[in-house]
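Before any comments, here is the structure.
The values are calculated or read from the model by the stated rules, or taken from the named source; none is laboratory data. Note that the coordinates shown come from a computational prediction; the quantities given were computed from them, not determined experimentally. Heads up, the Cβs are rebuilt from the backbone with ideal geometry, glycines too, and the neighbour counts pull from every protein chain shown. Please note that ligands, DNA and RNA were not included when accessible areas were found on the heavy atoms of the full protein model with its side chains. Shrake-Rupley method; radii C 1.70, N 1.55, O 1.52, S 1.80 Å.
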Amino acid sequence: MAHWHFAGERIVAGFSRCWRRLGAGGLALAALLVCVPPAYAWGPRGHRIVARLAEAQLTPPARAEAQRLLALRDAQHLSQVANWADDLRDSNPALFHRTERLHFVNFHSSDCVFVPPRDCWRGECAVAAIEKYSAILANRGNRPALRAEALAFVVHFVADVHQPLHAGYRPDAGGNDFQVHFEGRGTNLHRVWDSGLLDTVQLSTAAYARKLGAERTPIETGGTPAGWAEESCRIDRDDGVYPATHVIGGAYVERERPIAEMRLRQTGARLAALLNRDLAKG
Ligand code: ADE
Ligand code: ZN
Ligand code: ZN
């Protein structure tokens with residue numbers, strides 16, 4: 001809870017900073033139109049939404065075990081540990097460096113067929129990471145602190161592998177090297193998908209998660225980590241993710257944001273299924 005509060009305050013602070021820059025008088029309407037919440041470095045928002053969606057789908061025994069492990073990390077909710085793997089960049093650079101390559105998988109062919117020796121050399125990719133940390137989590141013989149860390153990694157990496165550009169096939173570092181024009185400035189395609197698309201929705205993260213949790217359009221659940229990565233790769237290839245003009249406008253957002261949201265809903269359901277299995281009483 002404390003964490004969500006904090007995120008909310010950061011958004012409010014972002015609004016008020018922007019508001020002050022525009023000046024007090026007569027610009028209220030302009031401020032409402034221009035002061036979008038700041039874009040964070042899936043970004044924090046995507047990961048929190050996935051964690052909330054998954055938590056709502058946990059079985060009672062899995063929920064109880066999750067709470068026991070989360071308590072070891074001073075947390076009560078999955079959303080409070082969902083961004084830890086990214087936050088390591090600042091809080092524990094050595095551990096971040098050792099786990100940096102686990103946030104994505106780069107396919108080496110547009111066939112989008114996952115070939116481990118080719119696409120996941122030495123097991124250093126999101127697919128192998130999910131399998132590794134899921135196994136650590138499921139093994140009750142492991143120290144609780146180790147399992148709690150594995151829980152935080154699993155919650156994060158299952159979401160990352162569903163972000164289409166975290167499992168791409170082009171030699172552009174998952175769109176990081178694909179420059180685009182978006183909302184009046186230069187950025188890259190990877191950032192647009194991590195956070196830009198989701199940040200166009202003017203809802204709190206909690207409200208956004210509730211909205212997606214209430215949607216009833218059928219989504220495909222099930223599958224394996226390798227299959228989830230292959231889906232991401234095919235989305236990059238087939239679904240208009242790469243804008244021919246390098247300009248991202250309203251039509252792109254209207255077309256691609258529903259795909260991003262579908263991926264968040266799939267991730268929530270699939271992460272819950274994985275946790276319900278790994279955290280069930282052995
Ligand atoms: N760096 C290299 N490839 C990447 C990817 N697919 N996603 C994020 N960062 C990357
Ligand atoms: Zn990540
Ligand atoms: Zn990313």
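Table for the structure above
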quantity: All positions within region 159-176 that are of a type in the set (S, T, N, Q) and either open to solvent by less than 50 Å² (accessible area, probe 1.4 Å) or under 30 Å from K281 (Cα atoms) (or both); calculated: Q163
quantity: Given (1) surrounded by 21 or more Cβ atoms within 10 Å (Cβ to Cβ); (2) within 16 Å of ligand 1 (Cβ to nearest atom); (3) among the polar types (S, T, N, Q), number of the condition Q179 does not satisfy; calculated: (1)
quantity: Extreme residue, most open to solvent (accessible area, probe 1.4 Å), among residues of region 102-119 that are within 12 Å of ligand 1 (Cβ to nearest atom) and of a type outside the set (F, W, Y); calculated: H108
quantity: Subset of region 107-130 (residues that are in contact with a His (Cβ under 7 Å, 6 or more places away or on another chain) and within 12 Å of A167 (Cβ to Cβ)); calculated: D119, A126
quantity: Pick from region 47-101, criterion part of a helix (DSSP H, G or I) and of a type in the set (S, T, Y), ranking: most open to solvent (accessible area, probe 1.4 Å); calculated: S91
quantity: Top-ranked residue in region 141-164 [being among the hydrophobic types (A, V, I, L, M, F, W, C) and under 11 Å from the mean Cα position of the chain (by Cα); ranked as farthest from ligand 1 (Cβ to nearest atom)]; calculated: V155
quantity: Among residues of region 102-121, those that are in a helix (DSSP H, G or I) and within 16 Å of ligand 3 (Cβ to nearest atom), counted; calculated: 2
quantity: Some residue of region 146-158 being under 17 Å from R263 (Cα atoms), part of a helix (DSSP H, G or I) and open to solvent by 10 Å² or more (accessible area, probe 1.4 Å); calculated: no
quantity: Matching residues in region 235-261 - criterion: being surrounded by 18 or more Cβ atoms within 10 Å (Cβ to Cβ) and part of a helix (DSSP H, G or I); calculated: I235, D236, Y252, V253, E256, A260, E261
quantity: Test: residue in region 122-139 that is over 26 Å from G222 (Cβ atoms), open to solvent by 60 Å² or more (accessible area, probe 1.4 Å), part of a helix (DSSP H, G or I) and touching a helix residue (DSSP H, G or I) at 6+ places or on another chain (Cβ under 9 Å); calculated: yes
